[in-house]
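Shown next, in structure tokens, is the structure this report addresses.
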Amino acid sequence: MTGLLERAVASNFPAGEQQSRNSGERETLAVAVSEEESATSDKEGKRKSYGWTSAVKKVVSSSSMRRLQERILGTNRVDVSSSNSDIWLLGINYKVSPEESSDGDNYGLDAFLQDFSSRIWITYRKGFDPIVDTKFVSDVNWGCMIRSSQMLVAQAMLFHHLGRSWRKPTQKPYEREYVRILHHFGDSGMSAFSIHNLLQAGRNYGLAAGSWVGPYAMCRAWATLTQPNGQHGDKTKEILPMVVYVVSGDEDGERGGAPVICIDNVARLCSDATSDHVTWLPILLLVPLVLGLEKINPRYIPLLCETFTFPQSLGILGGKTGASTYIVGVQDNKALYLDPHEVQQAVDIKEDDFEAETSSYHCSVVRQMQLDLIDPSLAIGFYCRDKDDFDDFCSRASALGDRSNGAPLFTVTQSPQSSRTIHQGTLMENIDGSDDFRVGETFNTEDICDDSQTQEDEWQIL
């Protein structure tokens, strides 16, 4: 069956556009399912494969093929009501048990589903304008990390312009800011945060059409695209009125170890003295991490879960190896996510079209994966609206670090000079090998992983 599907995919792409299928890319079946309607420019190949392609179309349209795809990706739909445990969704707690959600508050199961379906969902698209210097008119089989990052940044823009309590409108005309956000993530060079512009911005970090990219390079591409003195600086500053700060290990950003957030650096970046008085700009924090070698170290899982309790939470870019997803919440030992691997036709939403069809940017299907199956290479996002919000974030992050027993996700320090001491101290504590891990009040490591075996702290230079 695998060979059949691979041949079907090959027949649907013109010569020179065959996507890379290295060991890191695990989305072959997803492409076969999604690209069944793609046109081919090779007429001879089309005639030879027509019979097989027709057969594949019949197979992939069945529910059994969908289940096979989900099994290979290691993911599936989830009925969140089957568990009585709380759900944390981007900083908001939902009580889904019948006893707790029946007291008339707004944080039960229905409220969770409304919140989840209001998040902007960005997926593979086909039929868009060719990416510059290529013939690619689709990002199927290679663009999932880019799409996941677009979702995270889109949520930051939603939170900034419309607030965390915003929910998807049920009637038209839509709000101006909502339509404008969708327009900026369109699939053409005219849209500021399109896949076209992100690929161009990330060239120095290995971004290229047809190639899969990791979370660290993706974060750097966003920083490059939005930097004030960059090619798109003036345009993106107006559209994304916030500082994009990639948090890396040590002050020079390239030494590995626990990433360090320097408060003085953030204050310098966020201080805007262009007006008569100094103001504090909002900030989008992107924290790329490598929390293991071949698999995630279980001691970090409770810490990752607790980041979803932060009011500033924007979720996680992560998933299985070569198959990125956008993780927006947690319940028990499972990550809840939006899946970018659905293929949809490219749409062009004008920023002044308040009657636009926006259903392809929202998803009501909640999917899950086991937290211990997440690839160790990931990135966490946070949005801080103002200085008070950033101070609150630093307080929460510092408390989380204090509970990490020497293995924090990231650390907070006042100045760049002190980051050296923190970095070296963290490494020495890691070398010590102590595994007496203390967790916070929200998540218990016994519910997620077995601490009976000694775990190494596996840091990798980003």
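Calculated FRET efficiency, Ala399 to Leu281, Cβ-Cβ distance, R0 = 22 Å: about 0.30 to the nearest 0.05.
Of the peptides 201-208, 333-340, the ranking by mean beta-carbon count within 10 Å, highest at the top, reads 333-340, 201-208.
Taking amide H as placed 1.01 Å from N in the peptide plane, Lys334 has its amide H under 5 Å from the amide H of Leu371, each at least 5 places away in sequence or on another chain.
Set the Förster distance to 45 Å, then compute FRET efficiency between Lys295 and Ser415 from the Cβ-Cβ distance, nearest 0.05. Please list the in-between numbers first.
Values: r = 35 Å, r/R0 = 0.79.
For Lys295 and Ser415, the calculated efficiency is 0.80.
Here the 3J(HN,Hα) profile of segment 311-321, calculated from phi with Karplus coefficients 6.51, -1.76 and 1.60 at θ = phi - 60°, is x, 8, 4, 10, x, 9, 8, x, x, 7, 4 Hz, Gly and Pro shown as x.
Measuring with a 1.4 Å probe in the full set of protein chains, what accessible area per residue, in whole Å², belongs to segment 104-222? It would help to have the intermediate numbers written out before the result.
Details: 4150 Å² over 119 residues.
Value for segment 104-222: 35 Å² per residue.
Mind checking the full-extension length gain between Ser97 and Tyr205? Use 0.36 nm per residue of separation minus the Cα-Cα distance, one decimal, nm. Don't jump to the answer; show the numbers that get you there.
Values: separation 108, 0.36 × 108 = 38.88 nm, distance 4.54 nm.
Result: 34.3 nm gained on full extension.
The portion of the accessible surface of segment 277-424 made up by carbon and sulfur, rounded to a whole percent, is 49 (1.4 Å probe; DNA, RNA and ligands excluded).
The magnitude of the dipole of segment 282-397, with charges of +1 and -1 set on the Cβ of Lys/Arg and Asp/Glu and taken from the Cα centre, is near 680 debye.
The values are calculated or read from the model by the stated rules, or taken from the named source; none is laboratory data. Bear in mind that the values here come from a model prediction, so they are computed numbers and not experimental data. All Cβ positions, even for glycine, are placed from backbone atoms using ideal geometry, and neighbour counts span all protein chains on display. Accessible surface is based on the protein model in full, side chains and every heavy atom, while ligands, DNA and RNA are left aside. Shrake-Rupley method; radii C 1.70, N 1.55, O 1.52, S 1.80 Å.
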